[in-house]
Structures are given as C-alpha cells and as structure tokens.
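Notes to accompany the following structure.
The values are calculated or read from the model by the stated rules, or taken from the named source; none is laboratory data. These figures come from a predicted structure and were not determined experimentally. Cβ placement follows ideal geometry from the backbone for every residue including glycine, while neighbour counts extend to all protein chains displayed. Side chains are part of the model used for accessible areas, which takes the heavy atoms of the whole protein and leaves out ligands, DNA and RNA. Shrake-Rupley method; radii C 1.70, N 1.55, O 1.52, S 1.80 Å.
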Amino acid sequence: MPVNIRGRHFLKLLDYSPAEIRYLLDLAKNFKAMKRAGTPHKYLEGKNIVLLFEKTSTRTRCAFEVAGYDLGMGVTYLDPGSSQMGKKESIADTARVLGRMYDGIEYRGFSQDLVEELAKYAGVPVWNGLTDQFHPTQMLADLLTMEEKFGCLKGLKFTYMGDARNNMGNSLMIACAKMGIHFTACAPRELFPAAGLVETAKELAAESGGSVTLTEDVSAGTRDADVLYTDIWVSMGEPDEVWEERIRLLRPYQVNAAAMANARPTALFMHCLPSFHDTRTTIGAEIAEKFGVPEMEVTDEVFESPQSVVFDEAENRMHTIKAVIYATLC
Ligand code: CP
Ligand code: NVA
C-alpha cells in the first residue's frame, strides 16, 4: 500500500506504522545520496519553518536548519529566551500564531503534553525535536545508521545501557519493537521504563518479530549484542542534585571494553550525543572533580574505537530530519 504522510505531525514513533518508518528511512537514504552527489533538491522553495527550542541543542537545531536550507526553505530559530511562549503567551496561542506564518514547526521542550498541545492548535505539521519522554527524530537517524552498517534491521540484538526510562530509553524501546529488533534495557530496576510503555512495546514486538527484555544483569544484557547504546546519565531539565544517586546507580552500566568484549565481535557502539567520555567539558570536569568519575556512560577508549559510529548517527540526523520535513510538507 502506498504511504502518504503529508500534513501529519511527527511527535513520537508510536504514531507511525513500520511501513511509514520504512518509507522515511528510504527517503532519507535518497536525500543522503543526493547530498553526497551534490544534486540540488530545493523541493520546498517558498515555504518557511520555525524551530522552537526550550532546551539547548547542537545536532537537532543544525540538522533542522541545514535540512531546511537544502530544501530551499526559510528557517527561523527561536531560543528559550527570545519568544513569549510559556511566560507571556500560552502554548495554544503561540501555536495558532506560528501556524498562520509558517508551514511547519519544530519544538524541543519539557513534557510530551506540550508538544502534543502545540500540534493540536498549530494547523500545520509539528515535529518533536525532543521532550522528556521521547526523541523521535533521533530514532530515524539511529535506525538508518544500523541499517547502513548491518544491511538490515530485523533480528538485530540491541542493548541500551543507562537511564532506560528517559526519552532515549523509551524511544529506542519503541523503535526497536516496531522494526523487529530484539531490544534489551540493561539498567538498574529503579531506571526501568514505565510498565505501561513496556507492555505496549511487547505487543508491538510480538507483531514485528522482535522482543523486549529488561535486565539488571550486565553480563546477560550485553552478551552477543549487535549494538551497545548509551546516553548521558542525567538528562536536560533534571536538577543537579540527582547526579550523586545517578552515578551510584549507573556506574556498573558504563559501556567499557569489558562490555564490548562480551558483545559480538562485529558489535557497534552507539550514542545520541552529547557524551561525557572524558573531562574536556565543563560538566565532565566538574563531575570528575566532585565524584572521581573521569568517564561516565562510556569510556573514551570505546567512544574513540573503530566500533563507535556516533558521528555517523550525528550526520544521519540531518538526512532523516530532511525526510520528515519533506514527507510531511510535500
Ligand atoms: N542528539 C541530540 O539530540 O543532540 P542535541 O541535543 O545536540 O540536539
Ligand atoms: N537524554 C538526553 C538526550 C539528549 C539528546 C537529554 O534529554 O538530555
């Protein structure tokens, strides 16, 4: 059946069928080939998009900007301090104003409810650039990267180590479950994803041929994995007070040489970035000084190893976001 997602929002992968995700991945591959060949693709000339960020960003912002320019569009960036949203104007009013001027709206913020509300009132497609619960555009980049490296998605063994109930843990569980990948959350029980979402993921996995496993056991969780994936231990918006407890809980779940050695010899290391793999960042240096942890969720050795594909993922943010913009606006 032909896929048509024109006019749709892109708020979470739960709203998309495997066939629609497949379509977006194939479209992204085409855009990547065009970009590499230097073939112009200004298919959306005359359209304009706005990027609303209530949290900081490097990859997501730049990916939306470059994708927009490559497609021939005008792009406006609004940072947390430079719009009325939230402080002087409600989400509903902001959505109705921006929807009158722009053809599409990207939003990065706190609760998923906010982006859903924006979408309800905007009248134009809204794309979720990360909330506390989900990070759907990152999922497309990660799926594309795995497919490029392994030649397929179905049947891969994927292990996520870290805070498995944050936006990345939730999103990766759903993405894997939809695409027939065997997903394992390897984390302390306190940081397992919410039971309701796990049930949904298990139902999706039953349809796709994948599976969903939660384990506290690092050896069992990493054994024969095709991918070890991790994320920062404390996410944007969380208070500094959680660092101590999070380090205590997650230190055993660091992706290090031993974890990689327990995975398949062909295993890849993946990370959405940014990453605390050394002390060359302000926060990395502060945490090292305060808690004696110079490398956090991944060791520098693994991060810099040939098995690490983190910068391929970062590049693929742009190609996949371009596919989302094009498919929902064209
Ligand atoms: N991975 C990701 O979303 O990166 P940014 O926070 O830099 O956008
Ligand atoms: N869990 C991280 C993801 C960053 C891309 C955060 O929300 O800060």
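Largest GNM mean-square fluctuation across V198, V126, V293, computed for the chain with C-alpha springs under 10 Å, falls on V293. So what's region 80-204 giving for Cα Rg divided by 2.2 N^0.38 Å, two decimals? So region 80-204 has a normalised radius of gyration of 1.23. With the highest mean first, a sort of the peptides 139-148, 202-211 on other beta-carbon atoms found within 10 angstrom per residue produces 139-148, 202-211. Largest accessible area first, the listed residues E190, E65, E216 line up as E190, E216, E65 when surface is computed with a 1.4 Å probe on the assembled protein chains. As a fraction of the 1.4 Å probe accessible area of the chain, surface on carbon and sulfur atoms comes out at 52 percent. Only helical runs count toward this figure. For the chain, summing -39,500 (n - 2.57) over DSSP H runs of n ≥ 4 and dividing by all residues gives -13500 deg cm²/dmol at 222 nm. With a cut-off of 8 Å between alpha carbons and a minimum separation of six or more residues, what is the relative contact order of the chain in percent? Result for the chain is 20 percent.
Calculated FRET efficiency, K202 and E286, Cβ-Cβ r, R0 30 Å, to nearest 0.05?
Once rounded, the FRET efficiency stands at 0.15.
Taking 1 over the mean of 1/r across every pair of different Cα atoms in the chain, what Kirkwood radius in Å do you get? Taking the inverse mean of 1/r over all distinct Cα pairs, the chain comes out at 20.2 Å. Amide hydrogen proximity for F10: with H placed 1.01 Å from N in the peptide plane, the residues at 5 or more positions away or on another chain lying under 5 Å are V126, W127, N128.
Computed extension gain for Y43 through N4, at 0.36 nm per residue and net of the alpha carbon distance, reaches 12.4 nm. Once the Cβ-Cβ distance of E241 and A220 is raised to the sixth power relative to R0 = 35 Å, the FRET efficiency obtained is 0.65.
Would you mind calculating the gained length between A92 and E116 on full extension (0.36 nm times residue separation, minus the Cα-Cα distance), in nm to one decimal?
Value of the extension gain: 7.6 nm.
Structure shown: which of K154/K202; K42/K322; K120/K178 lie over 18 Å apart, alpha-carbon to alpha-carbon? From the list (K154/K202; K42/K322; K120/K178), the Cα-Cα distance tops 18 Å for K120/K178. Computed from Cα atoms, the angle from the helix 18-37 axis to the main principal axis of the chain rounds to 80 degrees.
Normalised per residue, the accessible area of region 66-109 is 46 Å², obtained with a 1.4 Å probe and no contribution from ligands, DNA or RNA.
Couplings for region 130-146, taken from phi via the Karplus curve 6.51 cos²θ - 1.76 cosθ + 1.60 with θ = phi - 60°, read 2, 10, 4, 9, 9, 9, x, 5, 4, 5, 5, 4, 5, 5, 4, 4, 5 Hz in order; Gly and Pro are left as x.
Couplings for region 171-177, taken from phi via the Karplus curve 6.51 cos²θ - 1.76 cosθ + 1.60 with θ = phi - 60°, read 5, 5, 4, 5, 4, 5, 4 Hz in order; Gly and Pro are left as x. Note on the chain: with charges restricted to the Cβ of Lys and Arg (+1) and Asp and Glu (-1), its dipole about the Cα centre is near 1140 debye. Each peptide among 265-275, 100-110, 167-177 gets the average number of other Cβ atoms lying within 10 Å of its residues, and from highest to lowest they stand as 167-177, 100-110, 265-275. Given the C-alpha centroids of region 241-269 and region 175-239, what is the distance between them in whole angstrom? When both Cα centres are located, 14 Å separates them.
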